[in-house]
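Asker: Take a look at this one; I'll ask things after.
The values are calculated or read from the model by the stated rules, or taken from the named source; none is laboratory data. Predicted model only: the values in this text are computed from it and were never measured. Positions of Cβ are backbone-derived with ideal geometry, glycine not excepted, and every protein chain shown enters the neighbour counts.
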Amino acid sequence: MVQATYHFPDGFLWGTATAAHQVEGGNDNNNWSRWEAEPGHILNGDRSGSACDWWRGRWKEDLDRAAETGQNAHRLSIEWSRVQPAPDRWDEDALDHYREIIRGMRARGLTPMVTLHHFTDPLWFYDQGGWEQEAAPALFEQFALRAVEAFKEMVNLWVTVNEPNVYVFSGYMGKDFPPGKSDTNAAFAVMRNLIRGHAAAYRAIKRVQKNSSVGFALNYRSIKPASASPFDHALAKFAHNSFNDSFARTLQTGVLRFSAKRAAIPEALGTQDYLGVNYYTRDLVRFAPLARKDMFVKRAFPPGAELSPNGFIANVPDGLFEALHWASQYNLPIYITENGIEDSTDELRPRYLVEHLHQVWRAVNFTYPVRGYFHWSLVDNFEWERGWSQRFGLWGLDVQTQARIRRRSVDVYAEICRQNAISAEMVQRYAPESFDRLFPDR
């Protein structure tokens, strides 16, 4: 048997990622809490409810588990609606609560990466127009300023906005997220304002904390044509430009090009210190002239790819290398801010994990400046419009009892984190089906 080890750079961050609404529970003051309460929006009528019970303190045991299994970082988000529950009121108790969590992360040896916007908006903000309103960037800037003032002694790695492309496509084109619109004009306005909000938050953080590292997290979807047809190639290019390129490119050029529209946003220039990449899977796209509801696109996974239990994700590891190659063009440090698979059986996850991390190692050896990896997620959590139907956690969750369930992937990831490497022995033990792909006998 081949004996080899793929080593990662010294100081590499190994962590998991969570988001406030998905793990905290007990929040009825944001747009998602209202969306969940309206019938037909969430699969199986699920509600986030107590989620993972973090707001009442179970973050402590989960972060204990993260630290005890070799992780040295954690990405979490701050819930805007808790910190600013009304337009004229800031909740100091909520800020203290987040201080306690972040202080607890530091005490456990976990470097915090803090996200300011992860899909949820306060109801007061949402009801006055949300990100469609021109005032949105300035309102978000105020929140960012309050957060950095509160946590500046403990945090210097900030994510302004998580997956702005998903927020726009799912909420303003696909109807899966609130407000459930299908309106390209509204989608363009929201994308423009999210970019302006990111830029305003970036500058607010830098005013307070000059040595901070500030970026955003993009959901990179590998999009390929399904055939040699010029229509499919043109469609794949258009989808890539709109979904993957638009936000990041604007920060480089100062001009937003999205959905056949354009707008100058000069204040966005140079407002990122790193690029966060979320990667899950690849789509093949085919032009479908009768599929008006789906914007004339038929999507499929690559033939023969292993699928997650619900058929939501295909295991396509080289798509992560593609995402990192794409990110490298910006000449900035790169963090993989999310990567994972829904798998309640934990059969596919070990293979998915080691095969994707092998692609990260390849990227590092191409001298791409990858600084860290955050697995999605630490524990099963509420997965937005898909409710509790998907289980992304290294640790399982019994939603009724709040019991945590140790999965085999906990041990896989723990060994990688502790060794800062992927070894042949490790892959043979946890993911033998992947061994020949990662360690060919040549």
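Asker: Would you pick out the residues in the range 1-44 that are in contact with a Cys (Cβ under 9 Å, 6 or more places away or on another chain) and either aliphatic (A, V, I, L, M) or at positive phi (or both)?
Answerer: 23, 25
Asker: Just to be sure before I move on: is residue 336 part of a loop (DSSP other than H, G, I, E, B), of a type in the set (A, V, I, L, M, F, W, C) and out of contact with any Asp or Glu (no Cβ under 7 Å at 6 or more places or on another chain) in the structure I sent? Don't jump to the end; show me each part of the working.
Answerer: On the way: part of a loop (DSSP other than H, G, I, E, B): no; of a type in the set (A, V, I, L, M, F, W, C): yes; out of contact with any Asp or Glu (no Cβ under 7 Å at 6 or more places or on another chain): yes.
Criteria not met by residue 336.
Asker: Check off (1) out of contact with any helix residue (DSSP H, G or I) (no Cβ under 8 Å at 6 or more places or on another chain); (2) closer than 16 Å to residue 22 by Cβ for residue 89 and give me the number that stays unchecked.
Answerer: Unmet condition: (2).
Asker: For residue 239, which of the numbered conditions (1) among the small types (Gly, Ala, Ser); (2) surrounded by fewer than 16 Cβ atoms within 10 Å (Cβ to Cβ); (3) at pLDDT below 95 fails to hold?
Answerer: Unmet for residue 239, out of (1) among the small types (Gly, Ala, Ser); (2) surrounded by fewer than 16 Cβ atoms within 10 Å (Cβ to Cβ); (3) at pLDDT below 95: (2).
Asker: Okay, next question. Taking the range 100-133 as the region of interest, how many residues are closer than 17 Å to residue 62 by Cα and assigned to a helix (DSSP H, G or I)?
Answerer: Of the residues in that region, 8 qualify.
Asker: To continue, here is another question. Show me the helices (runs of 4 or more DSSP H) found entirely inside the range 164-242 where at least 3 residues are in contact (Cβ under 8 Å) with a residue 60 or more places away in the chain, in contact with a Ser or Thr (Cβ under 9 Å, 6 or more places away or on another chain) and among the hydrophobic types (A, V, I, L, M, F, W, C). Spell out the reasoning first.
Answerer: Numbers: elements: 164-172, 184-208, 230-240.
Of the helices (runs of 4 or more DSSP H) lying wholly inside the range 164-242, those with at least 3 residues that are in contact (Cβ under 8 Å) with a residue 60 or more places away in the chain, in contact with a Ser or Thr (Cβ under 9 Å, 6 or more places away or on another chain) and among the hydrophobic types (A, V, I, L, M, F, W, C) span 184-208.
Asker: Still on this structure: Can you run down the residue pairs with Cβ atoms below 6 Å, 6 or more apart or on separate chains, where the first is in the range 270-281 and farther than 14 Å from residue 372 by Cβ and of a type in the set (A, V, I, L, M) and the partner is buried (at least 22 other Cβ atoms within 10 Å of the Cβ) and modelled with pLDDT under 95?
Answerer: Taking only residues 6 or more apart or on different chains, not a single pair turns up.
Asker: For the range 262-284, how many residues are over 23 Å from the mean Cα position of the chain (by Cα) and surrounded by 15 or more Cβ atoms within 10 Å (Cβ to Cβ)?
Answerer: Total meeting the criteria: 3.
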